[in-house]
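Trainee: Can you read through this structure? Questions will come right after.
The values are calculated or read from the model by the stated rules, or taken from the named source; none is laboratory data. Quick caveat, the model's predicted, so the values are computed rather than measured. Note that we place each Cβ from the backbone using ideal geometry, even for glycine, and neighbour counts take in every protein chain shown. For accessibility, only protein heavy atoms count, side chains too; no ligands or nucleic acids. Shrake-Rupley method; radii C 1.70, N 1.55, O 1.52, S 1.80 Å.
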Amino acid sequence: HGDWIFAAGQLKAPLLTEELIAPEFQLSAERSLVNEFFTGGYTQGIAGIYTSDKFRFTAALSDGANAGNSSYTSAAEADFSITGRAEFIFGDAGFDDFAAFTSFRDGATGFKVGLAAHWQTGGETIGTADVDVLRYTADIMGKMGGWNFFAAVVGQHVEVNATDTDIDDIGFVAQAGVFLSDQVELFGRWDTIMFDEDRGFDEDDVHFLTAGFNYYVTPRSHAVKFTGDVGYAFETFDAATV
């Protein structure tokens, strides 16, 4: 037994777990660079969501990744796109528990596995770029009463039809957090992007490390918390060209 929900308007493409978790429920102050590079972000369209106790499936028809607040003829839009995401839960935790990365000490134990894909095409509608994009991901989250982990692999295949160029990029992210007390949580994250060598960047592989802590003013509550973290990039590259 499950329930259906339908949505229309401006919404987030159901692609990456990091993007779909609200900012206040992240471990770090900012999402990973992998997420920022591959995210579907906000788009405009329609979506259907089916949810049961241990399974959820989301499908969306929209005007392309990162096309929020854009006009019909914007170069940021595609002609159309299709995004689908399936998630499976194992253990005692429910989907409400997996709305945050944090696992409080008295929280439910469980694992969530997700698979998603996004395809878009452009060039037929006036203003849209003649580019086809396929993005895909697989991820896993774990919560074990006081500590948590998350890992994902993300990739994309881009066909630039005007120049007959194909580009393949892939990214990895892994993070974990643990409570030292009811109010203090330590966390760490590693993420890397492996750019297609045809992009011509000085560095094809870039790696990032983030570490920090959260202090929860009220134990077991996200109402007020303080986050501090530091990040380190192991390579130097021109982010503007990415």
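Trainee: Contact order normalised by length for the chain, with contacts defined as Cα pairs under 8 Å and 6 or more residues apart; what percent is it?
Mentor: 14
Trainee: Related question: Given an 8 Å cut-off on Cα distances and at least 6 residues of separation, report the relative contact order of region 124-205 as a percent. List each step's numbers first, then the result.
Mentor: Numbers: 151 pairs, mean separation 18.0, N = 82.
Relative contact order comes out at 22 percent.
Trainee: With springs connecting C-alpha atoms under 10 Å apart, model the chain as a Gaussian network and identify which of 118, 222, 207 has the largest mean-square fluctuation.
Mentor: 222
Trainee: Suppose accessible area is computed on protein heavy atoms with a 1.4 Å probe; arrange 216, 42 from highest to lowest. All intermediate terms of the calculation are to be shown ahead of the outcome.
Mentor: Numbers: 216 0, 42 120 Å².
Ranked from most to least accessible, the order is 42, 216.
Trainee: Contour minus end-to-end for residue 211 and residue 29, with contour as 0.36 nm per residue of separation and end-to-end as the Cα-Cα distance?
Mentor: 64.5 nm
Trainee: Further question on the same structure: Translational diffusion coefficient of the chain at 25 °C, 0.890 mPa s, Stokes-Einstein with Kirkwood Rh over Cα pairs, in µm²/s as a whole number.
Mentor: 129
Trainee: Another question, if that's okay. What percent do you get for the relative contact order of region 1-99 when only Cα pairs under 8 Å and 6+ apart count?
Mentor: Working: 185 pairs, mean separation 28.3, N = 99.
Rounded, it is 29 percent for region 1-99.
Trainee: Here's another thing I want to ask about it. Full-extension gain between residue 22 and residue 113, please, as 0.36 nm times their residue separation minus the C-alpha to C-alpha distance.
Mentor: Values: separation 91, 0.36 × 91 = 32.76 nm, distance 1.84 nm.
Once the chain is fully extended between residue 22 and residue 113, it gains 30.9 nm.
Trainee: For the peptides 78-86, 3-11, what is the packing order when you average, over each peptide's residues, the other Cβ atoms within 10 Å and list the highest mean first?
Mentor: So the order, starting with the most tightly packed, is 78-86, 3-11.
Trainee: Same structure again: Go ahead and estimate [θ] at 222 nm for the chain from helices alone: -39,500 (n - 2.57) per DSSP H run with n ≥ 4, summed, over the residue count, rounded to 500.
Mentor: Mean residue ellipticity, 222 nm, calculated: -1000 deg cm²/dmol.
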